Amino acid sequence: MNKNTICLWYDHDAEAAANFYASVFPDSSVGAVHRAPTDFPGGQAGQALTVEFTVLGIPCLGLNGGSAFKQSEAFSFQIATEDQEETDRYWNAIVGNGGVESACGWCKDKWGLSWQITPRVLTDAMKQGGEVAKRAFTAMMEMRKIDVAKIEAAVRG
């Protein structure tokens, strides 16, 4: 077991979420599924209680804890993408599988987990600061999924 693992609360389908993430993102996999030895709030003996999985090399644990808590934007995965093709692939996988779009490169998967699909051209522009960052930021504020060509145009001025 890792020294530090992100634990994500799911109503009842952490295993489905883990399998989806492993199918979408490289360096991702599903590990052990631990079944409840007895009934528990929101579940029964034998049901998946926790699921070990990795998303882009980051260890996670999905906990099927019932409906008491929901995901929020207070936690998100930020995925750095290299180009529009990779941005589109991840965005479309999440949104197209029951997720929802939000603003500025954010979306939620069907389990309510937030994702920031962020092309490196945007983060590189923000690191430059000054007018370049201002133009890139202003362009981003008008977007849902990030349009790499529009960010590149904003960087050029």
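General remarks:
- Within the accessible surface of the chain, defined with a 1.4 Å probe on protein heavy atoms only, the carbon and sulfur portion equals 52 percent.
- Listed residue pairs exceeding 20 Å between alpha carbons, taken from 3/110; 108/150; 70/110; 70/108: 3/110; 108/150
- Calculated diffusion of segment 43-123, Stokes-Einstein form, Kirkwood radius summed over Cα pairs, 10 °C and 1.306 mPa s, µm²/s: 113 µm²/s
- Surface exposure of segment 13-96, expressed per residue as accessible area with a 1.4 Å probe, stands at 50 Å².
- Placing +1 on the Cβ of every Lys and Arg and -1 on the Cβ of every Asp and Glu, with nothing else charged, gives the chain a dipole about its Cα centre of roughly 340 debye.
- For residue 28, net neighbour charge (Lys/Arg +1, Asp/Glu -1) across residues whose Cβ lies under 15 Å away: -4
- Distance histogram in 5 Å bins (all Cα pairs of segment 89-141, percent per bin): 5, 21, 25, 16, 14, 12, 6, 1
- The angle between the Cα long axis of helix 130-140 and the longest principal axis of the Cα atoms of the chain comes to about 60 degrees, rounded to the nearest 10.
- Between residue 70 and residue 120, the FRET efficiency from the beta-carbon distance, with R0 = 41 Å, is close to 0.85.
- Taking the three principal axes of the alpha carbon atoms in the chain, the coordinate ranges are 62, 27, 25 Å, sorted in descending order.
- Backbone N atoms of segment 69-85 closer than 17 Å to the 7 Å Cα→Cβ label point of residue 127 belong to residues 78-83.
The values are calculated or read from the model by the stated rules, or taken from the named source; none is laboratory data. Just so it is clear, the model here is predicted, and its values are computed rather than measured. FYI the Cβ positions are ideal-geometry reconstructions off the backbone, even for glycines, and counts take in every protein chain you see. Just so you know, the surface numbers come from the protein's heavy atoms only, side chains and all, with ligands and any DNA or RNA stripped out. Shrake-Rupley method; radii C 1.70, N 1.55, O 1.52, S 1.80 Å.
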